[in-house]
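S.K.: The following block contains the structure, expressed as structure tokens.
Read-outs throughout are calculated quantities, based only on the coordinates presented, and are distinct from any laboratory measurement. Here the structure is a predicted model, which is why all the values come from computation and not from measurement. Don't worry about glycine lacking a Cβ; one is built from the backbone with ideal geometry, like all the others, and counts go over all protein chains shown.
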Amino acid sequence: MTGFGRGSAAAAGFRAEAELSSVNRKQFDCAVALPPGLAPLEERCRRLVAAALTRGHAQLNVRVAAEDPAAAVAVDEAAVRARLAQVAALARAAGLPNDLSLRDLVRMPDLLAAASPFPDPDAAWPAVSAAVSAAVASHAAMRAREGAALRADLERRVARLRALREDIAARAPLVPAAYRDALVRRVAALGAPLAPDDPSLAREVALMADRCDVAEELTRLAAHFDHVSALLDAPEPAGRKLDFLAQEMHREANTIGSKANDAAIAAAVIDIKALVETFREQVQNLE
């Protein structure tokens, strides 16, 4: 299921901001982007995300800064002393006054350098873990809202599927009688009318009734619909199971269509297959 969450936290002299986004995917994987110097925290961050997600591709971006700006600048004191000695020696050799100022020093290259604010990644972990946890919680809240909307949509589709199944169940017992009447009319048109109690007619109608019996398929369809409802009520992730059930519903509908030999049932089967296809597309958005 898609989602997005953001979190921030400050601890132990660091401030961290985390953003977590996810898109649909059958398996779980998580890409983590951390500032240089905090790579050792990558697996810990991934575990925090994995504890909340079981499917999908997740992207976690984390920004971290030291709360003390001075920590980001380092002075190479040995280089400063060496530079002072060089300037003093040059002044003496040239017979000039040594008027080097602090302003001149800070303008010299290589004396001041940006320092890594993360000499110890573990020191930044309290802020990073709190920010990532907040982003995970925000992400979960957004997915819960989306999940509620998806559930309502799936329940509407299942209700429609149940109604179509009931239409087929009501029509199926009438198919053998309709076949008998059609057979009698066709034979009569050939000039050889059949008596209502003709054994050959009864035998043919009985064979037809056996071939077009879809009671088992209708029973399994009803069981699949009940299973869908149970999975939607369950607290565990159900995306994969619902996807499998969609395949099974499609298979039962195909079998009904091939056995029924009735235009009205065939039309209902087409509607069921179309609905199951859209049901399955929606299920791809579930964890």
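S.K.: Quick one: net charge of ALA170's neighbours, Cβ under 14 Å, K/R +1, D/E -1? Working shown, then result.
M.R.: Details: positive: ARG162, ARG165, ARG171; negative: GLU166, ASP167, ASP262.
So the environment of ALA170 carries a net charge of 0.
S.K.: Here is a follow-up. Hey, with R₀ at 30 Å, roughly what FRET efficiency would ALA78 and ARG44 work out to, going by the Cβ-Cβ distance, to 0.05?
M.R.: With a Förster radius of 30 Å, E is 0.25.
S.K.: Which FRET efficiency value, to the nearest 0.05, do you get for GLU146 and ARG251 by plugging their Cβ-Cβ distance into 1/(1 + (r/R0)^6) with R0 = 25 Å? If you can, show how the numbers build up before the last one.
M.R.: Values: r = 29 Å, r/R0 = 1.17.
E between GLU146 and ARG251, to the nearest 0.05, is 0.30.
S.K.: Right, something else. Rounded to the nearest 0.05, what FRET efficiency do ILE270 and ALA230 have when you use their Cβ-Cβ distance and R0 = 30 Å? Can you show the working numbers first?
M.R.: Numbers: r = 27 Å, r/R0 = 0.91.
Calculated transfer efficiency: 0.65.
S.K.: Once you list every other residue whose beta carbon is under 12 Å from the beta carbon of GLU155, what net charge do they have if Lys and Arg are +1 and Asp and Glu are -1? Provide the component values of the computation, followed by the final result.
M.R.: Values: positive: ARG151, ARG156, ARG157, ARG160, ARG162; negative: ASP153, ASP233.
Result for the neighbourhood of GLU155: +3.
S.K.: For GLN59 and ALA163 in one chain, what is 0.36 nm times their gap in residues minus the Cα-Cα distance, to one decimal in nm? Kindly include the intermediate steps, with their values, before the conclusion.
M.R.: Values: separation 104, 0.36 × 104 = 37.44 nm, distance 4.17 nm.
Roughly 33.3 nm would be gained on extension.
S.K.: Leaving out same-chain residues fewer than 8 places away, which lysines sit with a Cα under 19 Å from that of LYS241?
M.R.: Those lysines meeting the cut-off are LYS26, LYS273.
S.K.: So how do LYS26, LYS273, LYS259 line up by other beta-carbon neighbours within 10 Å, fewest first?
M.R.: Numbers: LYS26 11, LYS273 15, LYS259 18.
By the 10 Å Cβ count, ascending, the order reads LYS26, LYS273, LYS259.
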